[in-house]
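Worksheet: the structure to be examined is printed underneath.
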Amino acid sequence: MSTKQVIMVGFTLFAMFFGAGNLIFPPALGFSSGEYFWTAIIAFVLTGVGLPLIGVIVGSISKDGYKESLKNIHPAFAVIFLVAIYLTIGPFFAIPRTATTAYEMSIVPFLSENTGMWLLIFSLVYFIVVLLLSLKPGTLVNSIGQVLTPLLLIGIVLLIAVAGYTYFNNPINPAVETFEGSSAFTTGFTEGYLTMDAIAAIAFSVLVLNSIRQLGVTNRKDLLIGTIKSALLAAVLLAAIYISLGWLANRVDLGGAAVDDQNLGTFLLTFMSDEVFGIFGPILLGLIVLFACITTGTGLIVSVSEYFNSILPKVPYKVWVVVFVLISFGLANQGLNQVIATSVPILSIIYPVAMTTVLLLILTYFIPSPRLSLQIPVFLVSILSVIAVVHRNGWFEMSWIESLPLFSSSFEWIPFMIVGYILGYLIGMKKPKVEYS
């Protein structure tokens, strides 16, 4: 791939992950972490940027992406895992989040009172628009996205530049009372889960592969190298924006302004844009975020509906669209904070399994290994992740799990992944090794 092609694919990949919804997490983390900012934001970047890009790279191992490579663990696992991922980045969490983020950034700042009725009215109109766009997917959404993504990027870069100059000499805000400095890395790492980009990378990696193939790159090695170069470019851009937004919020002076029941991240972005650009700032940012969220929400509805239509073709695509829009509409009316809170336990289960899967796929690509070396660790980590979430949320007391290595840092699954791989390798040593097509 030429440098120009790498830049083109890299910006495409950047646009896939640069969603309006993700912008709310770095400011919230930056404001809350205080003097522990750098530890927390580096950990956030690892999961919010590093893992998604590694996920895209690993997706290029097989010619059909994860849909094919996951079958090396088990065909049933491939379907169940991808269904869980599509539901997570679709109607259960990500799509409702697009609606609630759009509401909090484009409507709430201009309301005298934020009530559930306003959210209901907004989300009803929002999802009617998404439904109409999704029923006839075509070039309209892509065209809008090609305009809005650059506009959103320009708006954020301007905000970062001007606010950076304004806040440069401001003192660091102290960490909020609920932020524990001793677990700053763990907090940042798990906050990165909320972007959902690492699991989205598994679902969308095939799009990157197709983009590179359309450039005439078909050799397997060249596909992998091209993906790595493009992924690194996208990673640098995303990391720069996330760190910058977090740094700004780490130094912003709210002057006693009350967050009330609004999401902290959306409040901070609106506050900073108002302080830097006046009332024009929140209006422009709100409009861009609104249309960007509609574009993202529509794209997700289309992707999820097409996937479910591919595995259950007897159910028409349009039926899936209506079903997923209705589910998203219902869940969106919980409000943004509740949507995020509800997603945390599910993501805490899915992310360790996803990370284990990605790491094992790339390991067994370079080190020929039996199928059991994939199956055993994935099974162990899946069970352990469920148990850990159940215990941490106080749903059922299992104090023995606290004695596991790395439990205090939420990485108790790592030793199980390592031991599971070794055990599976030894048991299946004489069996055929996994091959990637």
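The values are calculated or read from the model by the stated rules, or taken from the named source; none is laboratory data. This one's a predicted model, so the numbers in the text were calculated from it and none came from an experiment. Please note: Cβ atoms are built from the backbone with ideal geometry, for glycine as well, and neighbour counts cover all protein chains shown. The accessibility values were calculated without ligands, DNA or RNA, using every heavy atom of the protein model including side chains. Shrake-Rupley method; radii C 1.70, N 1.55, O 1.52, S 1.80 Å.
Structure notes:
- Pairs meeting the criteria (first residue in segment 24-38 and in contact (Cβ under 8 Å) with a residue 40 or more places away in the chain and within 10 Å of Leu245 (Cα to Cα), second residue surrounded by fewer than 23 Cβ atoms within 10 Å (Cβ to Cβ) and charged (D, E, K, R), beta carbons under 7 Å, at least 6 apart or on different chains) are Phe25/Glu191; Leu29/Glu191.
- Here the condition is being open to solvent by 30 Å² or more (accessible area, probe 1.4 Å) and in a helix (DSSP H, G or I); of Phe204, Phe189, Phe267, it holds for Phe204 alone.
- Each residue in segment 29-42 was checked for being surrounded by fewer than 23 Cβ atoms within 10 Å (Cβ to Cβ) and among the hydrophobic types (A, V, I, L, M, F, W, C), and 2 of them qualify.
- Taken together, Ile418, Ile414 contain a single residue that is closer than 23 Å to Tyr351 by Cβ, in a helix (DSSP H, G or I) and open to solvent by less than 60 Å² (accessible area, probe 1.4 Å), which is Ile414.
- Set Val289, Val304: member being under 30 Å from Leu159 (Cα atoms), touching a Leu at 6+ places or on another chain (Cβ under 8 Å), in contact (Cβ under 8 Å) with a residue 24 or more places away in the chain and assigned to a helix (DSSP H, G or I): Val289
- Among the residues making up segment 218-243, those that are open to solvent by 20 Å² or more (accessible area, probe 1.4 Å), over 30 Å from Pro27 (Cα atoms) and of a type outside the set (Lys, Arg) are Thr218, Asn219, Asp222, Leu224, Ile225.
- Where helices (runs of 4 or more DSSP H) fall wholly inside segment 1-105, the ranges with 3 or more residues that are aromatic (Phe, Trp, Tyr) are 3-17, 37-45, 75-87.
- Unique match (being closer than 25 Å to Val304 by Cα, open to solvent by 30 Å² or more (accessible area, probe 1.4 Å) and either modelled with pLDDT of 90 or more or out of contact with any Cys (no Cβ under 8 Å at 6 or more places or on another chain) (or both)) among Ile160, Ile154, Ile128: Ile128
- Set Val339, Val344, Val323: member being hydrophobic (A, V, I, L, M, F, W, C), open to solvent by 50 Å² or more (accessible area, probe 1.4 Å) and within 30 Å of Asp260 (Cβ to Cβ): Val344
- In segment 213-238, the residues that are among the β-branched types (Val, Ile, Thr) reach residues that are assigned to a helix (DSSP H, G or I) with C-beta atoms within less than 6 angstrom, at least six apart or across chains, in these pairs: Val217/Leu223; Val217/Gly226; Thr227/Ile57; Ile228/Ile57.
- Check on Thr195, open to solvent by less than 60 Å² (accessible area, probe 1.4 Å), under 30 Å from Phe37 (Cβ atoms) and among the polar types (S, T, N, Q): yes
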